[in-house]
Amino acid sequence: MNRYMLLGAACALLAGSALAQSTTVRENADGSTTTTTKETVVEHGPLKLEAERMRVTWNGSEVPLTVTEFWMVHTLVRFPGHVKNRDQLMREAQVVVDDATITSHIKRIRKKFIAIDAAFDSIETVHGVGYRWTT
C-alpha cells in the first residue's frame, strides 16, 4: 500500500469523525446553487492543524510531517489529555507496524516540533499505555 492509498483511507476516516468538514449548499435567486465548505481546523495553544490541507503549524511555523506522522498528531490532538495507545495510533494512521516503529514515529515527531521550539513538550509518554497531547 503506498502513501496515496493511505491518505485516501485516512481521509475517509476523517470524514466520519466529529471533526469532519461541514458543507453548506445555498440556492441562489437564479436557481443555481453555491456550495461552501468549511475546513476542519484544530487549534490548541500554539498548534494549528488543518486537516484538509494536511498542514500542521507550531507558533506559525510549518512542521514538516510525513502522512503517517500527520495522522498520528491528528489522533493525539483531537482529544487533548486522552491517552492513545499504539494500536489506536496505527489504526488512525492506517499503518500496521510494530511497537518500536510507533515509538520511532513519535520520536521523529517530537524532534520536528523541537526544531521549531526547543521548549516543546506537548506529547507526553504514558509508560506502558501510550501517548497523550497535553495543552
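The values are calculated or read from the model by the stated rules, or taken from the named source; none is laboratory data. Keep in mind it's a predicted model, so treat the numbers as computed, not measured. Please note: Cβ atoms are built from the backbone with ideal geometry, for glycine as well, and neighbour counts cover all protein chains shown.
If you go through the stretch 109-124 and pick out every residue that is free of Cβ contacts under 8 Å to residues at least 40 places away in the same chain and either of a type in the set (A, V, I, L, M) or surrounded by 13 or more Cβ atoms within 10 Å (Cβ to Cβ) (or both), you end up with 6.
Residue-by-condition table, conditions (1) at pLDDT below 90; (2) in contact with a helix residue (DSSP H, G or I) (Cβ under 7 Å, 6 or more places away or on another chain):
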residue	(1), (2)
A29	yes, no
T33	yes, no
K38	yes, no
R53	no, no
F70	no, no
V73	no, yes
R91	yes, no
V129	no, no
W133	no, yes
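Would you check if there is a residue in the stretch 93-100 being surrounded by 13 or more Cβ atoms within 10 Å (Cβ to Cβ) and under 21 Å from T40 (Cα atoms)? Among the residues of the stretch 93-100, at least one is surrounded by 13 or more Cβ atoms within 10 Å (Cβ to Cβ) and under 21 Å from T40 (Cα atoms), which makes the answer yes. Within the stretch 38-51, track down each residue that is farther than 15 Å from E69 by Cα and acidic (D, E). E39, E43 - these are the residues of the stretch 38-51 that are farther than 15 Å from E69 by Cα and acidic (D, E). I'm trying to understand the selection: among the residues of the stretch 78-128, which are more than 16 Å from S61 (Cα to Cα) and of a type in the set (K, R)? The answer is R78, K84, R86, R91, K107, R108.
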